[in-house]
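> Below are the structure tokens for one structure; questions will follow.
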Amino acid sequence: MISGQTGIFALGDAAHGFFEFALREGAAGADLIRAVANVRVPHTTVGGANAVVGFRPELWRSSAPIPADVHGFNEPVSGRDGFTMPATQADAFVWFAAADYDWVFDLGIATVTKLAPLATLARENSGWSYRHNRDLTGFEDGTENPTLYEAPGITLIENGSPGAGGSILLFQQWRHDTRSWVALGDARQEQVIGRTKPDSIEFPEATMPADSHVSRTTLEIGGVELDIFRRNVPYGNVSDHGTLFIGFAAEQRRLHDMLIQMAGADGGPRDALTRYTTPLTGAYYFCPSVNALAAFVTDTG
Ligand code: HEM
């Protein structure tokens, strides 16, 4: 049986660490894949952590199968009024999630040290949960997400296809302009999102603003809505904070088309939310199946 990485579906953790690595000049991509595939997290009844690992699609392709059209975030996404989502692609990605930050910290240090001969730490983000499932805008994040029964079908490449059981991750850091967001007031904020704030009820079609976040991220092809699976977490402190966007899909096009719509690069309006939060980073990582990673595992202890 082909299995996706379990960390993709491991909900409920309050502490998160995200580590993006750049391959050192002269180091071999296959060696980095091997080193990352050997990253282990403890899973015991007395504690543990969840992990998700991924690779720049072009790097994974040089060693193992992946759909032909999957690519890195190699160019910025540009939209209306000079709005741009930057491309900050790195070579490998490791995400640790646990109940408490101490696990994430210890695993993070161990991983950075272990990978150091092959890769430098290009970027590190830590995330935490805010009021269970709220974003720092104050809105519930994930309401329209598929359930855990539906998520594997939306997230994992189907059996028989290249890269089966793998998933494409879009990882972006968005910094909120909380001062101007708060100044809007709740009623206007609800127009921006397209849902009510206290209970996350979607506006009816008749009153849904065309530039709301819900409108601009709803992707329909031939009358069928195309979903992704989001695992966003808040990051930061009082003076500098926002959302770490973490979206998985079996088809990269879904993620990319959502970004195009948000930017207003499809001819539609720019997502109103992008006027109150700014993307600072953007990368795509291919997160292989457990089986595909197993082929690179040398440390079986
Ligand atoms: C700062 C960045 C972002 C924030 C704060 C944010 C927040 C939210 C919130 C509050 C909702 C409504 C509740 C829900 O259904 O989860 C939502 C919906 C959604 N967001 Fe975002 N989001 C962000 C970025 C993105 C990006 C970059 C994408 C896609 C690449 C995206 C895709 C979606 C989708 C697909 C929905 C569900 C739309 C529907 O109702 O069908 N979001 N987001």
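> With respect to Glu25, is the statement that it is out of contact with any His (no Cβ under 8 Å at 6 or more places or on another chain) and part of a loop (DSSP other than H, G, I, E, B) true? Before you say what the answer is, go through the steps one by one.
Values: out of contact with any His (no Cβ under 8 Å at 6 or more places or on another chain): yes; part of a loop (DSSP other than H, G, I, E, B): yes.
Considered against the rule, which asks whether it is out of contact with any His (no Cβ under 8 Å at 6 or more places or on another chain) and part of a loop (DSSP other than H, G, I, E, B), Glu25 comes out as yes.
> While we're looking at this one, here's another question. Scan the stretch 253-291 residue by residue and report those that are surrounded by fewer than 20 Cβ atoms within 10 Å (Cβ to Cβ), away from the ligand (no atom under 11 Å from the Cβ) and outside any loop (DSSP other than H, G, I, E, B).
Listed by number, the residues that qualify are Arg253, Arg275, Val290, Asn291.
> Within the group Phe203, Phe139, which residue is under 23 Å from Ala14 (Cα atoms) and aromatic (Phe, Trp, Tyr)?
Only one candidate qualifies: Phe139.
> I would also like to ask the following. Is the stretch 122-138 home to any residue that is among the β-branched types (Val, Ile, Thr), modelled with pLDDT of 95 or more, more than 17 Å from the chain's Cα centre (by Cα) and within 13 Å of the ligand (Cβ to nearest atom)?
yes
> Select from the stretch 209-252 the residues that are outside any loop (DSSP other than H, G, I, E, B) and farther than 24 Å from Gly17 by Cα and list them in ascending order.
His213, Val214, Ser215, Arg216, Thr217, Glu220, Ile221, Val224, Glu225
> Still on this structure, please answer the following. Within the bounds of the stretch 191-208, is there any residue that is part of a loop (DSSP other than H, G, I, E, B), under 19 Å from Pro146 (Cβ atoms), modelled with pLDDT of 95 or more and not aliphatic (A, V, I, L, M)?
yes
> Filter the stretch 234-252 down to the residues that are of a type in the set (Val, Ile, Thr) and under 27 Å from Thr155 (Cβ atoms), then identify the one that is surrounded by the fewest Cβ atoms within 10 Å (Cβ to Cβ).
Ile246
Yes or no, residue by residue, for (1) crowded, with 18+ Cβ neighbours inside 10 Å; (2) at pLDDT 95 or above:
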{"site": "Ile8", "(1), (2)": "yes, yes"}
{"site": "Ala15", "(1), (2)": "yes, yes"}
{"site": "Phe19", "(1), (2)": "yes, yes"}
{"site": "Arg24", "(1), (2)": "no, yes"}
{"site": "Asp81", "(1), (2)": "no, no"}
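> A follow-up question, please. From Leu148, Leu184, Leu156, grab the single residue that is within 16 Å of the ligand (Cβ to nearest atom), among the hydrophobic types (A, V, I, L, M, F, W, C) and either closer than 20 Å to Leu226 by Cβ or crowded, with 21+ Cβ neighbours inside 10 Å (or both).
That would be Leu148, the only listed residue that is within 16 Å of the ligand (Cβ to nearest atom), among the hydrophobic types (A, V, I, L, M, F, W, C) and either closer than 20 Å to Leu226 by Cβ or crowded, with 21+ Cβ neighbours inside 10 Å (or both).
> Same structure, new question: When the residues of the stretch 217-229 are filtered to those that are within 10 Å of the ligand (Cβ to nearest atom) and over 18 Å from the mean Cα position of the chain (by Cα), which remaining residue is farthest from Thr143 (Cα to Cα)?
Glu220
The values are calculated or read from the model by the stated rules, or taken from the named source; none is laboratory data. The structure displayed is predicted, hence computed values, not measured ones. Positions of Cβ are generated from backbone atoms using ideal geometry, with glycine treated the same way; all protein chains shown enter the neighbour counts.
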